[in-house]
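Visitor: Got a structure for you, written out below as structure tokens; questions coming shortly.
Each value in this text was obtained by applying a stated rule to the coordinates, not by laboratory testing. None of the values given here were measured: they were computed from a predicted structure. Here Cβ is always computed from backbone atoms with ideal geometry, including for glycine, and neighbour counts include all displayed protein chains.
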Amino acid sequence: MRSGAAAGAPVALVLTLAGGALCATAAPAAADSSACTHDFSGPQVCIRLNGQGATNSVTGIWTNPPSGLSSRTVSLTFDGRLVSTATATRSGKALTHTWPSRYTGSGTKVCVTFRGSARSACQTTG
């Protein structure tokens, strides 16, 4: 019968090999990112991209809307071209809307703007 480290060596080797096989088959890490406007005297607007490469879902967030505001129209643009408008609704203290995953392209400037605000939050896709 083996004792000490020698007995654990075969088990450690199997676990190491299994872990390597799992890592080799795992999907690449998502390229998630976010950005916000930096002028805190007015609407604070943020954008969040969730996805991989040129395919992302896009979330527009107004972090500090007036307390009585329950919804607001939000626009999505790619490189300055209007792609979609939607209604952002209140989630806690913020107004948010998420567009489902779509092809956003690579090197595309993706922006969200809330109706009534001149501020946009933008991210460039990888």
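Visitor: Shape call for the range 29-126 from the C-alpha gyration tensor, a ≥ b ≥ c root eigenvalues: rounded (a/c under 1.5), prolate (a/b greater than b/c) or oblate?
Guide: The shape class here is prolate.
Visitor: I've got another one for you. By average Cβ neighbour count within 10 Å, what is the ranking of 56-69, 73-86 from highest down?
Guide: Ranking, from highest mean packing down: 56-69, 73-86.
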